[in-house]
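*Asks:* Below you'll find the structure I mean.
The values are calculated or read from the model by the stated rules, or taken from the named source; none is laboratory data. Since we're looking at a predicted model, the values are computed, not measured. Using ideal geometry, Cβ is built from the backbone for each residue, glycine included, and neighbour counts are taken over all protein chains shown.
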Amino acid sequence: MSTLHRACGVERALRDAPAHSLPEALAGALGRIFPEGSAFRLLLADYNLRSLLPFEPAAGEEPVRVNGTEAGRAFTALRVVTSDGPPFRVFVPIAARGDRLGVFTLTLPEPCTEAALTELAEIGRITGAALKAAWELTDRYERARRARRLTLAAELQWQLLPAQCCAGAEFSLAGHLEPAYSIGGDNFDWATERDHLTITVTNGSGTGTQAALLTSLVVGALRNARRSGADLAEQASLAGDLVHARHGGKEFTETLLIRIDLADGTTTVVDAGSPRMLLMRGTQVTPVELDHQMPLGMFADTDYRPQRFRLEPGDRLVIASDGVYSAGSPRGGEFGAQVLEQAIRRTRLQDAAAVPLSVVGELIAFHEGRDLADDAVVVCLDWQGAAAR
């Protein structure tokens, strides 16, 4: 049987399986392709993306750290990794359109050929697409990726988010929230179209469930306006009016709205609050200077003015909420713009998916490993440009 037919067989097995039974279907399909294989395991990334959790672990089976492990390298680099043997363990990333979901492992008696590695990588992509489609139909995978219980506010926020990574020919995009298990009001959102990409980053107001509900209202209003064909300024105005009608100016959110033309990198921005944008071009990191306008919902009938600049191929945009640049150390002092710029500069050899985690990791280290006192969101966009199509 050809490699193509075998991959199609995996796809068919996953498609025909009930949504809650994909792990068993995958194990069965792999057993038919690699009958000499053993010790199949599925590992799912937990919410803070620092651990890979064994799916329905056996007694005593521990999470696998992302940093410094073969499974972690497969997960972050999105490439198949093999261990020295014999026996030989294979670690295969599972992703859907750039969104990293986890890894599956298989033990083989002989080293993999290049053809087998290519086949396993394709099976990982097929599994990612199937798992993403099945995720909303069962709680089995959500339970498996939780190292501990989410707060109610965090439950609301994570259900509101898009994928944590997204990739196209012109760009790579990733975002991350902390504290992952108790996030309140911070949020990011994005949508890709044939000719443009829209990104919003919201610095929530308040804490806990109240903050999550307010952010849900704002994100829903922005999506409704965007999907109705409103331009960026109209999206901000319509969402602001809805929040003001509900809360009378007592509650509001600070939001950055961005639209990027995929043909030439023209970037249109409405700055309705505090999330900051920094541009890394080469090795230089500079703040993108924007006119700060009224937060969404502070006043009714607010008109917003868009600003424009152009991205060049190789540019990196990093957006951070005030929970990042204003975060305080237990010993005093703020993380601050200068430290944030240094943290971004140190990511220059990383791909976009790793940048939010690296910046948040430095923030947590600045906080001496303690839980963050405020929500923090980091979004990274790497711009390759239309020539990369």
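*Asks:* I need the full set of residues from the stretch 43-73 which are under 20 Å from the mean Cα position of the chain (by Cα), at negative phi and hydrophobic (A, V, I, L, M, F, W, C), in order please.
*Replies:* First pass over the stretch 43-73, keeping only residues under 20 Å from the mean Cα position of the chain (by Cα): 43-53, 64-67, 71-73.
With the extra rule that they be at negative phi, the set shrinks to 43-48, 50-53, 64-67, 71-73.
Within the stretch 43-73, L43, L44, A45, L52, L53, V64, V66, A71 meet the criteria.
*Asks:* Right, E170: more than 20 Å from P275 (Cα to Cα), in the same structural domain as D382 (by TED's automatic domain parsing) and touching a residue at least 12 places away in the same chain (Cβ under 8 Å) or not?
*Replies:* Answer is yes for this residue.
*Asks:* Select from the stretch 169-201 the residues that are among the charged types (D, E, K, R), crowded, with 21+ Cβ neighbours inside 10 Å and over 25 Å from A154 (Cβ atoms) and list them in ascending order.
*Replies:* Result: E170, single match.
*Asks:* With the requirement that a residue be among the charged types (D, E, K, R), within 16 Å of L381 (Cβ to Cβ) and part of a strand (DSSP E or B), what does the stretch 252-270 give you?
*Replies:* R259, D261
*Asks:* Let me ask something else. So is D99 under 26 Å from G175 (Cβ atoms) and buried (at least 20 other Cβ atoms within 10 Å of the Cβ) or not?
*Replies:* Spelling it out, it is not the case that D99 is under 26 Å from G175 (Cβ atoms) and buried (at least 20 other Cβ atoms within 10 Å of the Cβ).
*Asks:* Going by the structure shown, is R226 part of a helix (DSSP H, G or I) and either surrounded by fewer than 16 Cβ atoms within 10 Å (Cβ to Cβ) or in contact with a Leu (Cβ under 9 Å, 6 or more places away or on another chain) (or both)? Lay out the reasoning, then the answer.
*Replies:* Working: part of a helix (DSSP H, G or I): yes; either surrounded by fewer than 16 Cβ atoms within 10 Å (Cβ to Cβ) or in contact with a Leu (Cβ under 9 Å, 6 or more places away or on another chain) (or both): yes.
So R226 passes the test.
*Asks:* What are the pairs with Cβ atoms under 7 angstrom where one residue, in the stretch 143-161, is farther than 17 Å from V377 by Cβ and small (G, A, S) and the other, located anywhere, is at pLDDT 95 or above and buried (at least 16 other Cβ atoms within 10 Å of the Cβ)? Sequence gap at least six, or different chains.
*Replies:* Every condition considered, the pairs that remain are A144/L44; A144/L53; A144/F55; A147/D46; A147/S51; A147/L53.
*Asks:* Output yes when any residue across the stretch 286-296 is surrounded by fewer than 18 Cβ atoms within 10 Å (Cβ to Cβ), touching a helix residue (DSSP H, G or I) at 6+ places or on another chain (Cβ under 8 Å), modelled with pLDDT of 95 or more and closer than 15 Å to I258 by Cα, and no when none is.
*Replies:* No, the conditions are met nowhere in the stretch 286-296.
*Asks:* Go through the residues of the stretch 358-377 one by one and say whether even a single one is under 20 Å from A167 (Cα atoms), surrounded by fewer than 22 Cβ atoms within 10 Å (Cβ to Cβ) and at pLDDT 75 or above.
*Replies:* yes
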